[in-house]
Structure formats: structure tokens, C-alpha cells
Amino acid sequence: MHDDCADALRYSVPDEVPDTTAGENRGGVDQRAESPHGVPPYRGTRSPIVSAVAGLSISSAAATAIIEPDVGGRVSSLRVNGTEVIAGPDDGRGEFDWGIYPMAPFAGRLRDGRIRYKGTVRQLPLNAAPHAMHGFVHSNEWRIHDKTESSITLRCELGDPWPWRGNLFHIISMHDWKIRMELSFTAKHEQPMMLGWHPWFARPCSFTTEFGTMYERGDDGIPTGRLVRPRTNDVDDCFADPLDDPTVTVGDTRMKLFSNCSHWVVYDRAGHGVCIEPQSGRTCATARTRWCRTASATTRSTATA
């Protein structure tokens with residue numbers, strides 16, 4: 001993965017984006033019923049999802065990645081010298097539980113699905129009741145904007161159930177011994193925005209992390225804001241101030257992770273994979289906008305990994 005700051009987005013983006021995000025297999029608010037929490041449920045659920053289109057391949061001399069535009073623009077497979085390093089959609093895993101997928105417009109859990117912005121509280125659908133989790137684009141269809149043998153650029157229009165509009169671009173490129181990902185967002189109107197990735201590294205594997213800061217996790221799974229001594233195993237926690245680059249080893253393949261993101265979430269409690277997730281703010285950051293970026297037509301939010 002790559003740690004250089006991203007260049008300015010090279011593609012033109014319309015000022016107004018039509019609301020085409022609601023629809024079958026794209027998520028959205030279900031108006032037919034309310035959940036027990038009184039909030040319309042989100043149609044994207046934890047049920048297994050399968051791409052209607054065969055995955056697209058990009059490759060370098062040493063590695064091949066399979067990209068699924070119809071399933072959140074995610075990487076469903078990454079083979080390095082013949083070794084599969086990513087947990088795929090085997091055994092009917094739900095949409096949160098496989099591949100490498102982008103997270104936007106927020107990452108991690110958003111308490112009660114509520115976001116406060118400029119004095120107004122907005123209620124979002126609860127896709128991981130009683131909270132919202134990992135944004136709303138990980139199961140959306142992403143459109144192919146450009147593709148070569150070694151790279152692909154995907155575009156997703158952000159809208160309902162998010163209260164604002166905008167465009168996300170996900171650029172995935174293969175290089176010698178490196179896969180680089182760039183996630184960018186641009187919009188006409190200012191709005192809160194967090195960007196990140198959620199990779200599932202396949203077990204059996206080993207990993208190392210070294211952070212200077214960890215946020216205490218409350219009983220609801222969301223950071224309390226209190227800083228505590230970092231742990232290195234049995235974690236589902238948000239970290240900051242990396243002292244060294246995280247590493248993951250699958251078989252004989254050792255990977256080092258770089259990102260310009262300020263925070264990382266590490267999750268090692270699943271039997272099929274380990275997650276080391278770069279994100280542009282701490283978990284639940286969009287509930288308080290001082291922890292997230294504000295995107296506008298002149299200020300694009302961009303993250304690289």
C-alpha cells in the first residue's frame with residue numbers, strides 16, 4: 001500500500017448529482033416499515049451479497065486483484081505470488097465481512113445513527129442496529145470510470161440515505177510489489193465527510209501494530225473519547241499516532257501498510273480474518289464535525305492507502 005499524498009482529482013465532476021442511489025441493491029430508506037428503534041431500516045443488510053457481474057482483474061508482475069464494482073467497489077481477491085491474502089465472500093458472509101471495501105461518508109459505528117452538523121441533528125438509517133456502521137457505499141454499485149491492465153477507477157454517486165449529494169472516486173492501481181488505493185470525494189455543497197477502507201486479511205495470518213494512542217471503547221462499542229494504553233491483541237478499537245507501519249503476514253507473504261489517514265481501527269476477533277482499517281478520523285467522528293473533514297467544491301477530501 002502507498003503513503004504518498006494524492007494528487008488533485010483529474011476528472012471533471014458535475015455540480016449537481018442526480019439522486020440515482022436509491023434502488024434495488026443500492027441501499028436506501030425503506031418506507032414500508034419502521035424498525036423497533038423507530039428509524040426506517042436500511043435495505044443494505046448483513047445478508048450475503050453477490051455481484052451480478054463477474055469481477056474485473058487488474059495485475060502487476062507479482063500480484064493480481066479482482067474488483068467487484070457491483071458490490072461496493074471492493075477488492076474481492078488479492079493474490080501475491082499465488083497466495084490469496086484477502087478473505088473472500090465464502091460461506092455466505094455478510095456485506096461487512098469480506099474483501100477490501102471503501103467506507104464513506106463515515107467509518108466505523110455512528111452512535112444511534114445520528115449526525116449533528118451546523119446545529120442540526122439528522123437521523124440516518126440503522127444498518128447495524130442500534131447504530132449506523134461503515135457508511136452507505138460498501139454495497140452500492142460503483143460505475144467504471146476508467147480501466148487499464150493495472151488500474152481501475154470507480155465512481156459512486158452519494159445521495160439518499162445521506163442527506164447531501166456528491167461524488168466518490170475509488171482508484172485502485174497495481175505496481176511492482178505494491179497496491180495503491182485512493183478514495184476521493186467532491187461535492188457542490190459543504191458537508192461532513194470521513195473516508196476509509198475496511199480490509200479483511202485472510203487467516204491464518206499474523207500481524208503487528210504499534211500505536212501511541214488508543215481510544216477507550218464503551219459498552220456500546222463506540223469510543224468514549226478517553227485515551228488509554230494501547231493493546232495489541234483481542235481488539236476492536238480505534239488507534240492514532242502510529243509509531244511504526246502495521247504489517248500483516250499471510251503464508252510467506254509479508255505486507256506493510258501505509259496511509260495518510262490519521263486513525264486506524266484494528267479488529268482481530270473474527271475466525272476468518274483480521275482487519276486493519278485506515279480512516280480519516282476516529283470512529284463516530286461524524287457525530288461531532290470537529291473530528292471530520294468538510295468537503296466542498298473547492299476542498300476535496302482525499303485519502304490514500
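Can you tell me how many residues in segment 176-211 are over 14 Å from Met103 (Cα atoms) and modelled with pLDDT under 95? Write out each step before concluding.
Filtering segment 176-211 down to residues over 14 Å from Met103 (Cα atoms) leaves 176-180, 186-191, 201-211.
Next cut, modelled with pLDDT under 95 only: 176-178, 186-191.
Of the residues in segment 176-211, 9 are over 14 Å from Met103 (Cα atoms) and modelled with pLDDT under 95.
Annotation note: Cβ proximity below 7 Å between a residue of segment 122-147 that is among the aromatic types (Phe, Trp, Tyr) and a residue that is in a strand (DSSP E or B) and surrounded by fewer than 20 Cβ atoms within 10 Å (Cβ to Cβ) (sequence gap 6+ or interchain) occurs for Trp142/Arg155.
Just give me the residues in segment 213-240 being within 30 Å of Glu84 (Cα to Cα) and charged (D, E, K, R), in sequence order. Arg231, Asp234, Asp236, Asp237, listed by residue number.
Cβ separations smaller than 6 Å between residues 6+ apart or across chains give the following pairs from segment 74-95 residues that are over 21 Å from Phe207 (Cβ atoms) to residues that are among the hydrophobic types (A, V, I, L, M, F, W, C) and assigned to a loop (DSSP other than H, G, I, E, B): Pro89/Trp98; Glu95/Ile49.
Conditions tested, residue by residue: (1) touching a helix residue (DSSP H, G or I) at 6+ places or on another chain (Cβ under 7 Å); (2) buried (at least 24 other Cβ atoms within 10 Å of the Cβ); (3) among the aromatic types (Phe, Trp, Tyr).
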position: Ser60; (1), (2), (3): no, no, no
position: Val80; (1), (2), (3): no, no, no
position: Ile86; (1), (2), (3): no, no, no
position: Gly94; (1), (2), (3): no, no, no
position: Asp97; (1), (2), (3): no, no, no
position: Ile100; (1), (2), (3): no, yes, no
position: Asp112; (1), (2), (3): no, no, no
position: Val121; (1), (2), (3): no, no, no
position: Leu124; (1), (2), (3): yes, yes, no
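Considering only residues that are over 24 Å from Asp220 (Cα atoms) and in contact with a Ser or Thr (Cβ under 7 Å, 6 or more places away or on another chain), look in segment 258-274 and name the one that is surrounded by the fewest Cβ atoms within 10 Å (Cβ to Cβ). Only one residue tops the list, namely Asn260.
Consider Glu141 carefully, then state whether it is in a loop (DSSP other than H, G, I, E, B), under 17 Å from Gly55 (Cα atoms) and more than 18 Å from the chain's Cα centre (by Cα). Show your work before the answer.
Numbers: in a loop (DSSP other than H, G, I, E, B): yes; under 17 Å from Gly55 (Cα atoms): yes; more than 18 Å from the chain's Cα centre (by Cα): no.
In short, no.
Look through segment 126-137, keep the residues that are surrounded by fewer than 24 Cβ atoms within 10 Å (Cβ to Cβ) and within 22 Å of Gly99 (Cβ to Cβ), and return whichever of them is modelled with the lowest pLDDT. Walk me through how you get there before you give the answer.
The initial filter retains those residues of segment 126-137 that are surrounded by fewer than 24 Cβ atoms within 10 Å (Cβ to Cβ), namely 126, 128-131, 133.
Cutting the leftovers down to within 22 Å of Gly99 (Cβ to Cβ) gives us 128, 131, 133.
Numbers: Ala128: 85, His131: 90, Met133: 91.
Filtering first and then ranking leaves Ala128.
Selection of strands (runs of 3 or more DSSP E) fully inside segment 237-280 by the criterion of at least 3 residues being hydrophobic (A, V, I, L, M, F, W, C) returns 263-267, 273-279. Taking the conditions (1) modelled with pLDDT of 95 or more; (2) closer than 28 Å to Arg269 by Cα in turn, Arg46 satisfies each one other than (1).
For the criterion of being farther than 18 Å from Gln279 by Cβ and either in contact with a Pro (Cβ under 7 Å, 6 or more places away or on another chain) or not in a strand (DSSP E or B) (or both), Pro204 passes.
The values are calculated or read from the model by the stated rules, or taken from the named source; none is laboratory data. Not measured: the values here are computed from a predicted model. Note that each Cβ is placed from the backbone with ideal geometry, even for glycine, and that neighbours are counted across all protein chains shown.
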